[in-house]
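For reference, the structure discussed in these notes is given below.
What follows draws every value from the coordinates through simple rules; no lab data is involved. Nothing here was measured: the structure is a model prediction, and the numbers come from that model. Note that we place each Cβ from the backbone using ideal geometry, even for glycine, and neighbour counts take in every protein chain shown.
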Amino acid sequence: MDLTLTEDQNMIQEMASKFAQSELAPVAEKLDRDGDREQFLANLKQLAELGFMGMNIQQQYGGTEAGTVAFSLAITEVAKGCASTAVTMSVTNMVAEVIQVVASEEQKNRYLPKLCSGDYPAGGFCLTETSAGSDPSNMKTTATLDGEQWVLNGAKQFITSAEYAGVFVVWAVTDKSQPRGKGISCFLVENNTPGLSVSKAEEKMGQHASSTNEVVFENCRIPKDALMGGLNQGFKIAVGELAGGRIGVGSLALGLGQAAMDYARNYITERQQFGQVIADFQGLQWMMADAFTELEAARLLLMSAADKKAKGEPFSKAASMAKLFATEKANKACYTALQLMGGNGYIKEYPLERYARDVRITSIYEGTSEIQRVIIARELLREIA
């Protein structure tokens with residue numbers, strides 16, 4: 001199997017790496033500490049100008065058609081510079097892909113160019129609710145047809161980038177008489193629509209620069225043609241797009257793990273104890289060897305899943321395997337790196353404590369590790385049914 005990157009993929013990876021290290025890394029600590037919204041939005045705009053906000057979107061809609069492998073590579077590099085920026089990039093790409101796959105031509109022409117160009121700083125993916133996290137079929141948000149308008153009522157929780165998203169993809173129950181998951185539809189709702197409100201940003205453990213908000217719909221009226229895809233076909237759309245989002249989150253986690261271990265590797269070659277650099281101690285060497293081996297395995301799983309998606313092959317199981325392994329091993333790598341640095345790893349002067357905080361959520365959002373195991377097991381049993 002040839003795992004060599006194409007010339008375009010190499011170029012995109014290098015471009016993302018250069019941008020992350022020159023523009024994102026120098027301000028990441030400040031954004032984490034102070035939450036400079038103006039700087040954060042400026043970084044998002046630059047990403048859009050580089051073509052990173054519509055990587056799988058056709059050129060006719062303003063995208064770059066770079067492909068899923070290039071997307072994974074770019075997310076990994078951006079995460080090394082700033083995880084908050086990377087998650088916004090990942091979700092915005094996911095929103096754009098949903099629109100490209102199921103929206104009408106009019107909807108595509110209306111929203112995709114704005115997402116790809118950065119006219120919309122981000123897109124919002126409104127699926128999760130208080131009672132519908134790992135089980136989105138239990139959602140309570142409703143959409144009722146009233147003449148030529150849909151009326152939305154309900155609330156969505158933990159919505160990335162809600163404060164500055166230009167458009168939301170929103171899931172709501174449109175037929176309560178159907179079994180759970182069968183009567184759900186998907187809508188496009190512009191920010192600032194009357195009846196839509198965005199609550200105060202959550203105070204999180206990590207990824208501070210990225211806003212995470214509750215989005216509330218109170219008799220929010222949207223046009224009849226805001227329906228995206230078929231009526232009562234929304235759950236199928238959500239399940240399909242979450243699989244692709246898992247490649248993004250796994251890639252983000254990989255970038256954090258790599259950044260942490262690269263920093264720690266350099267540190268142990270300089271830090272001295274007992275009259276020698278601590279990199280000479282076999283115990284630390286083995287910790288480093290294990291972490292880098294696991295991160296390389298995660299990278300290969302992500303590349304495999306991304307390649308399957310790019311080729312149009314079934315990729316749900318591969319994406320869940322990659323997401324599960326990459327996020328768990330990236331969490332482990334960040335704590336290994338912190339341990340290698342000893343007390344200094346725990347001090348905010350060094351980036352390790354931020355990496356450790358930022359990486360923790362990756363094994364939770366876009367489907368917890370436990371849910372990934374459920375999906376993987378279900379697919380394995382289905383193969384022999």
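Quick rundown of the values:
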read-out	value
Acute angle (nearest 10 degrees) that the helix 282-310 long axis makes with the longest principal axis of the chain, alpha-carbon atoms	30
Angle between the chain longest axis and helix 105-117 axis [Cα atoms, degrees, rounded to 10]	30
Whole-angstrom gap from the stretch 91-116 to the stretch 10-38, using each part's C-alpha centre	25
Only Lys, Arg (+1) and Asp, Glu (-1) charged, at Cβ; the chain dipole about Cα centre in debye	800
For q = 0.18, 0.29 Å⁻¹, Debye-computed log10 I/I(0) when each Cα of the stretch 167-226 counts as one equal scatterer	-0.78, -1.19
Whole-Hz ³J(HN,Hα) from phi, Karplus 6.51 cos²θ - 1.76 cosθ + 1.60, for the stretch 320-336, glycine and proline x	5, 4, 5, 5, 4, 5, 5, 6, 5, 6, 5, 4, 4, 5, 5, 6, 5
Dipole-positive endmost among 210, 158, 90 within the chain (Cβ charges, Cα centre)	158
Computed helical MRE - 222 nm, the chain, DSSP H runs ≥ 4 contributing -39500 (n - 2.57), nearest 500	-17500 deg cm²/dmol
Long-range amide H partners of residue 229 with built H, under 5 Å	104
Which listed pairs, of 204/323; 309/348; 80/236; 80/332; 108/224; 18/45, have C-alpha distances above 27 Å, in listed order	309/348; 80/236
Only Lys, Arg (+1) and Asp, Glu (-1) charged, at Cβ; the stretch 7-120 dipole about Cα centre in debye	200
Tail beyond 29 Å, pair distance distribution of the chain (Cα, percent)	41
Computed over the stretch 142-191: relative contact order in percent, which uses C-alpha pairs under 8 Å that are six or more apart	33
Cα pair distances in the stretch 307-385, grouped into 5 Å bins until the bin that holds the longest one, percent each	3, 16, 19, 16, 14, 11, 9, 6, 4, 2, 0
Whole-angstrom Cα spans of the stretch 127-267 along principal axes, big to small	65, 29, 25
D_trans [Stokes-Einstein, Kirkwood Rh over alpha-carbon pairs] for the stretch 79-200, 25 °C, 0.890 mPa s, µm² s⁻¹	162
Top positive-direction residue, dipole computed over the chain with Cβ charges, set 5, 21, 336	336
Length-normalised contact order for the chain - Cα pairs under 8 Å, 6+ apart - percent	15
Crossing angle, helix 7-19 versus the chain [Cα axis fit, 0-90 degrees, rounded to tens]	80
Given charges at Cβ of Lys, Arg, Asp, Glu: the chain dipole, positive-most of 132, 43, 320	132
The stretch 194-349 - charge dipole about Cα centre, Lys and Arg +1 at Cβ, Asp and Glu -1, debye rounded to 20	460
For the stretch 139-151, 3J(HN,Hα) per residue [Karplus equation, 6.51 cos²θ - 1.76 cosθ + 1.60, θ = phi - 60°, Hz, x = Gly/Pro]	4, 10, 4, 10, 10, 10, 7, 10, x, 9, 9, 9, 10
Estimated vicinal HN-Hα couplings, Hz - the stretch 77-94 in sequence order (Karplus 6.51, -1.76, 1.60; Gly, Pro = x)	5, 5, 5, 4, x, 7, 5, 4, 5, 5, 5, 5, 4, 5, 5, 5, 4, 5
Sites excluded, GluC sites (Glu not before Pro) in DSSP loops with at most 11 other C-beta within 10 Å, longest stretch of the chain	1-147
Inter-label distance, nm, simple model (7 Å from Cα along the C-beta direction), residue 36/residue 105	4.6
